[in-house]
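What follows is a short report on a single structure.
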Amino acid sequence: MFSFFTRKKEFSTTSIFSFLQVDLHSHLLAGIDDGVQTESQALEIIELFQQYGYRKIITTPHILWDFYKNTPEIIRTKLEKLRFFLQENQIDLPVEAAAEYYVDEHFLQMLQNHENLLCFGEKKYLLFETGFLNYPAFWEEAIFLIKANGYQPVLAHPERYVYVQNDFNFLEKVLELGVLLQVNMLSLIGYYSLEAKKTAEKIIDANLAHFLATDCHHIRQAKTLQNLVQSPFFRKVQNYKWLNQSL
Ligand SMILES: [Fe+2]
């Protein structure tokens, strides 16, 4: 006999994230960072994203000079390989690429040299991250240079940084410098930590977030995203004015 109370609630995953339209943070170029390692793995995730209702994917490999020495050329070559693979498998979801820049000495140097950086959207959004515990000493200089080079800085997953979790007012300084904030969907379902979840909710409640993204590295994360639908916070997320749609 079925028990009403023990049966797992089932729901359709079709179009659950169609309100976002575009995902702008993921690691789907094979073998160049800690994301997917093969084009088949990327395909599995992209098929699922298509089912979720996304109409475009902007994937953003790490550029973190101590670990992932990715250049625009490496990224473009890998993107072409993925596009070809998707075409071969009759997947017609458009995929573009930019990067997730780690604020390190190398990043600062590229900015000082006015090198062409990978960005997305008409406003030239540049996605960047910092270390999880502390922000770098040259943080303000980096933001100033990003803007001086004609890019619009977007801070990836502010809710995951311990320095933000411990000092929420820090975000005011960040916003005053003209930085936009990108929250991770997985943070909202407690995937990383309770602190990250609480901070993500606080950012959205205070209307400080601009983008909502998957930051997907592998199929397990891609599947876990579905749990957001069952979160009491989902309605708020659905009704929020995200900039994703403008991309
Ligand atoms: Fe990322």
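Every read-out reported here was derived from the displayed coordinates using simple, explicitly stated rules and does not represent laboratory data. Note that the structure is a prediction, hence the values are computed from the model and not measured. Cβ coordinates were reconstructed from backbone atoms using ideal geometry, including for glycine residues, and neighbour counts include every protein chain displayed.
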Test for Asp33: is it touching a Pro at 6+ places or on another chain (Cβ under 8 Å), within 13 Å of the ligand (Cβ to nearest atom) and touching a residue at least 24 places away in the same chain (Cβ under 8 Å): yes
Which numbered condition Tyr135 fails, given (1) away from the ligand (no atom under 14 Å from the Cβ); (2) under 18 Å from the mean Cα position of the chain (by Cα); (3) more than 15 Å from Val154 (Cβ to Cβ); (4) not in a helix (DSSP H, G or I): (2)
Wholly within the range 175-228, helices (runs of 4 or more DSSP H) carrying at least 1 residues that are in contact with a Pro (Cβ under 8 Å, 6 or more places away or on another chain): 194-205
Selection from the range 178-221 of residues that are among the charged types (D, E, K, R) and touching a Leu at 6+ places or on another chain (Cβ under 9 Å): Lys197, Glu201, Lys202, Asp215
Pair list, Cβ < 6 Å and 6+ apart or interchain, from the range 51-76 residues that are more than 23 Å from Asn244 (Cβ to Cβ) to residues that are within 16 Å of the ligand (Cβ to nearest atom): Leu64/Tyr102; Trp65/Asp104; Tyr68/Asp33; Tyr68/His62; Asn70/Ile32; Asn70/Pro61; Asn70/Ile63; Pro72/Leu118
Residues of the range 96-118 that turn out to be within 16 Å of the ligand (Cβ to nearest atom) and over 17 Å from Lys69 (Cα atoms), as a count: 1
